[in-house]
Each structure stands twice: as C-alpha cells, then as structure tokens.
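No value in this document is a laboratory result; all are computed from the given coordinates. Being a predicted model, the structure only gives us computed values, none of them experimental. Please note: Cβ atoms are built from the backbone with ideal geometry, for glycine as well, and neighbour counts cover all protein chains shown.
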Protein chains: 10
Amino acid sequence: MLFKVEMTVNIPKDLPVAEADAIKLKEKNYSQELQKAGIWVHLWRIVGQYSNVSIFDVKDNAHLHEVLTGLPLYPFMTMEVTALCQHPSSIK
Amino acid sequence: MLFKVEMTVNIPKDLPVAEADAIKLKEKNYSQELQKAGIWVHLWRIVGQYSNVSIFDVKDNAHLHEVLTGLPLYPFMTMEVTALCQHPSSIK
Amino acid sequence: MLFKVEMTVNIPKDLPVAEADAIKLKEKNYSQELQKAGIWVHLWRIVGQYSNVSIFDVKDNAHLHEVLTGLPLYPFMTMEVTALCQHPSSIK
Amino acid sequence: MLFKVEMTVNIPKDLPVAEADAIKLKEKNYSQELQKAGIWVHLWRIVGQYSNVSIFDVKDNAHLHEVLTGLPLYPFMTMEVTALCQHPSSIK
Amino acid sequence: MLFKVEMTVNIPKDLPVAEADAIKLKEKNYSQELQKAGIWVHLWRIVGQYSNVSIFDVKDNAHLHEVLTGLPLYPFMTMEVTALCQHPSSIK
Amino acid sequence: MLFKVEMTVNIPKDLPVAEADAIKLKEKNYSQELQKAGIWVHLWRIVGQYSNVSIFDVKDNAHLHEVLTGLPLYPFMTMEVTALCQHPSSIK
Amino acid sequence: MLFKVEMTVNIPKDLPVAEADAIKLKEKNYSQELQKAGIWVHLWRIVGQYSNVSIFDVKDNAHLHEVLTGLPLYPFMTMEVTALCQHPSSIK
Amino acid sequence: MLFKVEMTVNIPKDLPVAEADAIKLKEKNYSQELQKAGIWVHLWRIVGQYSNVSIFDVKDNAHLHEVLTGLPLYPFMTMEVTALCQHPSSIK
Amino acid sequence: MLFKVEMTVNIPKDLPVAEADAIKLKEKNYSQELQKAGIWVHLWRIVGQYSNVSIFDVKDNAHLHEVLTGLPLYPFMTMEVTALCQHPSSIK
Amino acid sequence: MLFKVEMTVNIPKDLPVAEADAIKLKEKNYSQELQKAGIWVHLWRIVGQYSNVSIFDVKDNAHLHEVLTGLPLYPFMTMEVTALCQHPSSIK
C-alpha cells in the first residue's frame with residue numbers, strides 16, 4: 001500500500017554540529033535499511049530545498065506511522081502524507 | 001532528469017459525455033505511450049481525488065513542457081511542477 | 001484501517017431539482033449500506049455547512065478510493081483525506 | 001453535544017526531558033479519565049504527525065472549553081474546534 | 001449557548017431581481033423573528049461587504065444548524081461558525 | 001461606532017510566571033473599566049483558544065487605537081480589526 | 001476619520017459593452033463628486049491591475065458603508081477595508 | 001513616481017529598551033526628514049497594529065530601495081511594496 | 001527601470017476558437033514589438049503552465065501600466081508585478 | 001536550461017556581525033564567479049526586501065541543486081525554484 005510523504009528538515013541552528021552529524025548518519029542508515037527492505041521505495045531530493053519526496057510501501061497506516069516517527073530526524077521534520085493507489089492508466 | 005508533477009483534472013460539467021470520453025481515451029493512450037518510452041516513469045492516483053502524482057524523466061525543461069502541454073486533458077488540468085535530483089541517502 | 005474524510009457538497013444551481021433529489025436519495029442509500037457494512041463507521045454533519053466529517057474503516061487505500069469515487073454525489077464534492085492510526089492514549 | 005477537535009503538540013526543544021515526560025504522563029491519565037467518563041469519545045493519531053483527531057461529547061461550549069484548557073499539554077498545543085450535529089443519512 | 005457566525009451573501013447575477021427581492025424579504029422576516037425570540041442576539045453589517053457578524057444563543061449544536069440552514073438566503077451564503085463561552089474578565 | 005476585534009494572546013514561555021500574572025491582573029482591571037464605561041461592550045472567549053471576540057463602541061478610529069494599544073497584554077497579542085455598522089434587518 | 005479601501009473590479013464578460021460603459025461613466029461621476037466633497041481624498045490605480053488604493057475621510061463607519069455600497073460598480077467589486085489613524089511620526 | 005508601502009514592525013523582546021528607544025528616535029527623525037523632502041508623502045498608522053500604510057514619491061525603483069533599506073527599523077520590519085499610477089477618475 | 005511581471009492566461013472555454021486565435025496573434029505581434037523596442041527585455045514560459053515570467057524595462061510606473069493594460073490578452077490575464085533594482089553582487 | 005530562483009535571506013539576529021560579514025563576502029565572490037561562468041545569468045534585488053530574483057542556466061537539475069546548496073548564505077535562505085523554457089513569442 002503506497003503513500004507519498006514529503007519531508008522538510010529544519011535542524012535548529014543551536015544544535016551542536018557533532019550532534020547533528022550523528023543524527024544525520026543514523027538517519028542515512030535507517031533510511032537505507034528501509035530502502036533495502038522494500039518499504040521506502042523511492043527517495044528524491046527536491047532541488048534547492050532541504051526536503052525530499054518519498055514513496056513508502058507499507059502494510060497499513062500504523063506501519064507507516066511507526067516508520068515515520070522512527071526517523072532519527074523526525075523531531076526536526078515537518079511532513080505531508082498523501083495516500084496513493086493504482087492509476088487506471090498506469091501500465092505497471 | 002526527474003520532475004514530480006501533480007495534476008488535477010476538472011472536466012467542465014457541460015462538456016458532452018461522448019466528447020469527454022473520447023478525450024479520456026486519447027489521454028490514456030498518450031500516457032501509456034510515454035510510460036512505455038520510459039518518460040512517464042511513475043503514475044499514481046491520489047486517493048479520493050481526480051488527481052495524480054507523476055514522475056517524469058525528461059531530457060530538459062523544454063521536453064517536459066512539450067510532454068505536459070501535449071496531454072489531451074491539458075486544457076482541463078491544473079499542474080504543479082517540482083524539480084527533483086538524486087538524494088544522498090538513496091541506494092538507487 | 002481508519003481514515004478521516006471531510007466532504008463538502010456543491011450542487012450546481014442549474015441542476016434540475018428532481019435530478020438533484022434523485023442523486024441525494026441514491027447517496028443516502030449508498031451511505032447507509034456502507035454504514036451497515038461497518039465501512040463508513042462515523043458520519044457527522046458540520047454545523048452550518050453542507051459538509052460532513054466521516055470515519056472510514058477500509059481494507060486498504062484502493063478500497064477507500066473505490067468507496068469514495070462510488071458516491072453518487074462524488075462529482076459535486078471536494079474531499080480531504082487523512083490517514084489515522086491508534087493513539088497511544090486511547091483506551092479502545 | 002459533539003465537537004471535533006484537532007490538536008497539534010509542539011513541545012519546545014529546551015523543555016527538560018523529565019519535565020516533558022511528567023506532563024505527557026499527566027496528559028495520558030487526564031485523557032483516559034475523560035474517555036472513561038464518555039466525554040472524550042474518540043481519539044485517533046494522525047499518521048506521521050504529533051497531532052490527533054478527537055471527538056468530544058460535552059454538555060455545552062463552556063464544558064468543552066473547561067475540558068480543553070485543562071489538558072496538561074494545553075500550553076504546547078494548537079487547536080481547531082468544529083461543532084458537529086446529527087447527519088440526516090447517519091443510521092446511529 | 002453562544003456562537004459567532006459570519007455570513008457572506010453571494011446572490012448569482014442571473015437570479016431574477018423579483019425572485020431575489022422575495023428571498024431577501026423572507027430573510028428579513030425570518031431574521032427578525034429569531035431576534036425577537038432571543039436566538040439571534042446580535043446582527044451587525046461588516047462595512048463595505050455584503051456580510052454580517054452575528055451572535056446566536058441556541059440550545060445546542062443541532063439547534064444552531066436548524067436555524068442556519070433555515071435561512072432563506074442559505075443557498076447563497078458561505079458561513080464561518082465559532083463556538084464562544086464566558087470570558088473570565090467579562091462583567092456580564 | 002462599533003468595531004469587532006479578535007485578539008489572540010501569546011505569552012512567551014520564558015516570561016516569569018509572577019510577571020505574567022501581574023500583567024494579566026492589570027489586563028483584567030483595564031478591561032473591566034472599559035466595560036463599565038460602555039466602551040468594551042462585549043467580550044467572549046473563543047472555545048479552546050487563548051483568544052477572544054470583542055465588540056468596542058468608540059468615538060473614532062483614533063480612540064480605538066488608543067484603547068487597544070493601551071492593553072497591558074498588547075505586546076503579546078495579535079489583533080484583527082473589523083469595522084461594523086447597523087444591519088438593515090437588525091431590530092435594535 | 002480615515003480608512004484605506006482597496007477595490008478590485010471584475011466585470012462579468014457577458015455584460016453588454018454598452019451597459020458596462022454606462023456603469024463606468026456613472027462610477028466616474030460618483031467618484032469625482034466624492035473627491036470634490038473631500039470624502040474620497042486619494043485614489044490611485046495599482047499598476048497592472050483593475051484595482052485601486054483609496055483613502056476615504058468619513059464621519060463614521062455607517063458613512064463609509066453608505067459611500068462604498070453606493071458605488072455604481074459595487075456589485076462587481078471586492079473590497080478590503082482598513083481603519084487608519086494619526087501616525088506619531090507624521091508631520092501632518 | 002508613487003508606491004504604496006505597508007510596513008509592520010517586530011522589535012525582538014530581548015532588545016534592551018534603551019537600544020530600542022534609540023532606534024525609534026532615529027526612525028522618527030529619518031521619517032520626518034523624508035516627509036519634509038516630499039519623498040514620504042503620506043504616513044498613517046493601521047488601527048490596532050504596529051504597522052503603517054505609507055505613500056512614497058521617488059525618482060525610480062532604486063531610489064525607493066535606498067530609502068526603505070535606510071530605515072533605522074528596517075532590520076525589524078516586513079514590507080509589502082505596490083507600484084501605483086494615476087487613476088483615470090482621479091481629479092488630482 | 002526594471003519590473004518582473006508574472007502573467008497567467010485563462011481564456012474562457014466558450015470564446016470561439018477563431019476569436020481566440022486572432023487575439024493570440026495580436027498578442028504575439030504586440031509582444032514582439034515591445035521586445036524589439038527594448039521594453040519587454042525577457043520573456044520565458046513557465047514549464048507546464050499557460051504562464052510566463054517577464055522582465056520589463058520602462059520609464060516609470062505609468063509606462064508599465066500602459067504597456068500591460070495594452071496587452072490584447074489582458075482581459076484574460078492575472079498579473080503579479082514586482083519592482084526590481086540593481087543587486088549589489090551583480091556584475092552587470 | 002533555465003530556472004528562475006527567488007531567494008530570501010534571514011540572517012539570525014544573534015549571528016556575530018563579523019561572522020555575517022565574512023559569509024556575505026564569500027557569497028558575493030561565489031555569486032560573481034557563477035555570473036562570470038554564465039551560470040547565474042541574471043541577478044536582481046527585489047525593492048524593499050532582502051530577496052532576489054535570479055535566472056540560472058544549468059546543465060540539469062542536479063547541477064542547479066549543487067549550485068544553490070553551495071551558496072555561503074544557503075543555511076539562512078528560503079528558496080522558490082521554477083523551471084522555465086522558451087516562450088513561443090520570444091524573439092531571442
């Protein structure tokens with residue numbers, strides 16, 4: 001079951017750089033594990049923004065909530081969640 | 001080069017059904033040719049809306065404009081275009 | 001799997017009253033069948049508006065899309081869809 | 001008398017964790033007492049957000065105000081209140 | 001129980017003047033009966049707009065919905081409803 | 001001459017409680033004097049918000065500005081001012 | 001007593017040109033009489049828009065409402081009204 | 001050449017009062033010199049706001065930018081700039 | 001003196017095609033004359049939209065208003081006008 | 001391939017002046033190198049704002065992202081990116 005999620009990151013300017021870097025590293029690992037597991041199926045950067053467009057393939061709404069709130073950067077993110085389904089013209 | 005495009009369709013209520021159906025059929029064919037050509041790489045329906053989320057892989061901005069304005073439903077659509085690029089955490 | 005859907009109805013002023021009444025009757029029947037089936041689990045009127053707040057319990061996103069686009073008043077509605085899940089403080 | 005209330009929580013990042021945890025525990029207890037009393041009749045989490053959708057059944061507007069401003073997390077919340085009533089198609 | 005309601009009127013330009021005048025007259029009578037009954041407790045015009053600010057004193061949400069949807073101009077109005085209660089500094 | 005004013009209070013979280021309480025007490029006294037003088041003619045709390053809906057009866061625009069900027073909580077408020085006049089259907 | 005009013009004109013495309021021209025001529029005369037009377041004290045065109053920025057000097061709110069709703073183009077206008085007063089740094 | 005500029009002032013609460021007062025005094029002097037020079041031709045306070053509506057008569061865009069960014073309060077202001085011209089109904 | 005103007009075209013669906021084509025041809029000629037005269041210095045299409053981004057070099061505000069309202073498509077356009085000036089980092 | 005980018009700068013008030021000045025100097029150099037290289041083809045100041053309107057000519061989306069995120073002031077900027085292409089009426 002697919003969802004589009006658009007995330008924007010706002011790391012506070014007073015967060016120590018070392019701490020921020022540690023969180024970003026965790027974020028990268030967390031993200032790549034979910035990608036390898038086929039849950040985070042697409043991940044694109046929006047040009048000029050500290051934002052991404054993502055497609056998630058999850059079991060249900062609760063699964064998506066667990067995945068999103070588990071993001072190491074979650075406390076510094078705003079999110080917009082959109083439920084998707086098969087388009088009648090799609091050939092996939 | 002990737003772009004996210006979100007399209008919303010508003011077919012006027014006074015357009016004859018036969019005419020609307022003919023345009024929708026052309027739209028489907030046009031869309032599927034672009035999908036087969038690897039230009040319209042993803043196409044999802046937004047749940048509850050006459051809208052879609054699409055990912056296009058085009059040569060340049062002019063190519064995207066040509067593809068979008070060639071849509072048979074283009075006169076009845078509003079569009080939002082977002083330039084995308086590689087995300088540093090993406091494994092693809 | 002739960003979703004909140006807020007629907008607003010805008011019946012065009014030039015739709016003949018008999019036609020509008022026929023659609024509204026179909027809408028009522030459709031809605032009540034879905035309520036009896038445990039799919040449309042809550043349905044409230046927003047005070048002063050031709051709008052409702054609804055809670056749907058569906059199998060997946062595709063199921064919700066099918067239910068919503070099947071509404072007889074769908075061509076005259078705008079919709080806002082929000083994915084819900086269990087709240088940690090809920091006693092249900 | 002029913003109201004939909006949508007609450008979003010913004011705990012300031014400089015609030016000590018122990019203090020935040022103590023407030024959240026009070027919030028949970030407060031919420032569950034109101035649920036058991038039949039006043040806070042529904043409570044759902046919005047997927048991906050630190051927000052909820054709630055339905056309250058109160059005696060009157062003053063009662064709702066007392067309940068909402070009594071929330072331990074109230075100073076860190078924004079709220080949107082919508083008055084509801086019986087929908088003519090509802091079977092309840 | 002008090003509510004603030006802000007109403008804006010948009011009478012379609014193709015409604016015959018005689019019909020519009022008949023509806024406005026009904027509206028005036030309906031409004032004045034509710035004012036005399038102590039239900040529509042305040043009614044002010046917003047300067048420069050075909051809009052009003054109103055205060056209603058009703059038994060409950062359902063009562064307010066019945067009163068508002070009974071307005072002869074209701075099909076041509078947009079409404080914004082806000083629940084009010086006693087202010088701690090009010091001397092009334 | 002009547003104006004509707006909607007005020008929202010945002011007391012900074014780092015303002016010492018004693019200082020905030022002193023300002024709120026001054027605000028209450030200031031407000032009640034204006035109510036007794038027939039200038040602040042209505043004052044309602046918006047349910048669930050630290051906001052009010054107020055009606056002022058002032059000599060002119062300058063008088064209203066003087067009254068509003070004299071509020072002890074003024075530095076912590078946002079305001080929305082709307083000029084009102086007699087409604088043709090009002091019986092007052 | 002001064003007010004800033006911003007007006008935007010939207011003449012429907014199906015209004016006969018002769019009728020529109022007659023209304024515009026009345027509007028011009030009406031406007032110039034109010035300017036000569038010292039009521040419509042400033043009138044500027046916004047570049048690129050069928051809109052104006054105006055300053056009115058009126059006796060009270062009711063006077064402003066009477067002046068604005070008397071505009072021949074009033075049925076085709078949207079308006080934004082802002083109450084003004086003496087600025088402490090103004091030398092006038 | 002005329003421009004309408006609407007300015008809103010937000011002095012940070014942690015700016016020492018003496019410093020703020022010194023800036024405001026400079027602002028007043030700066031403003032009055034421009035008024036005397038016929039450049040800042042109108043200056044009104046918006047009722048209930050720490051905002052003004054101003055009309056500037058400048059040589060060109062660069063001149064306006066120089067005047068606005070020279071304001072002692074400029075770092076604490078947000079601005080909205082609108083180009084104006086002669087209105088065909090104006091008698092001036 | 002430079003201005004950025006963003007124009008969006010909305011040709012009504014009931015305008016006869018021949019009439020629309022005649023207006024578009026006039027628009028093209030009008031636009032190219034202004035480009036050759038060095039007044040319309042840049043003209044770009046926004047990808048996926050019936051909109052453009054334009055830079056005008058005009059004598060003053062009145063000149064810009066004359067140029068814009070003279071556009072054959074002006075009755076079918078919405079416009080956003082922004083005054084520009086020299087950027088201190090520009091090398092031109 | 002052309003893009004319009006609108007950038008707004010918000011330097012935090014607690015950034016030491018010397019540090020801010022050093023970043024601004026780097027920004028100027030960075031900007032001028034890109035201008036000389038024909039990548040940052042236009043750069044205008046928006047009157048009254050700490051904002052600019054820029055036109056970039058880049059190889060592709062990734063190139064634009066690299067250029068924008070390399071800006072020394074990037075952490076203090078918000079950006080709006082719009083893809084452009086040839087306008088059919090442009091004579092260039």
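Model label sites at J:N10 and D:K59, defined 7 Å from Cα along the beta-carbon direction, differ in position by 4.5 nm. Pairs of alpha-carbon atoms within less than 8 angstrom and 6+ residues apart define the contacts here; what relative contact order does region A:2-84 have, in percent? With pairs under 8 Å counted, the relative contact order is 52 percent.
For the residues J:I39, J:I11, J:I55, a GNM of chain J with alpha-carbon springs under 10 Å puts the largest fluctuation on J:I11.
Between J:V47, J:V58, J:V67, the GNM of chain J built on Cα springs shorter than 10 angstrom shows J:V47 fluctuating the most.
When the alpha-carbon atoms of region E:22-61 are used, the pair Rg, Dmax equals 11.2, 32 angstrom.
The rotation axis taking chain D to chain C passes closest to this chain D residue's Cβ, listed with the gap in Å: D:H42, 4. Near D:D60: Cβ cut-off under 12 Å, other residues only, Lys/Arg at +1 and Asp/Glu at -1. The net charge is -2.
Each listed q (0.22, 0.31 Å⁻¹) maps to a log10 I(q)/I(0) for region I:40-90 from the Debye sum over equal C-alpha point scatterers, namely -0.99, -1.41. Summarised as an ellipsoid, chain G has semi-axes of 26, 14, 12 Å, derived from the eigenvalues of the Cα gyration tensor scaled by 5 and square-rooted, with the largest first.
The angle separating the long axis of helix D:17-36 from the principal Cα axis of greatest extent in chain D is about 20 degrees. Other residues with beta-carbon under 11 Å from the beta-carbon of D:H42 carry, at +1 per Lys or Arg and -1 per Asp or Glu, a net charge of +2.
Taking 4 °C and 1.567 mPa s as conditions, the protein assembly as shown diffuses translationally at an estimated 42 µm²/s according to Stokes-Einstein applied to its Kirkwood radius (Cα pairs).
For G:K36 and H:Q32, FRET efficiency with R0 = 30 Å and r from the beta-carbon atoms, rounded to 0.05? Calculated value: 0.45. Each Lys or Arg adds one and each Asp or Glu takes one away; over the other residues whose Cβ falls under 9 Å from the Cβ of F:C85, this sums to -1.
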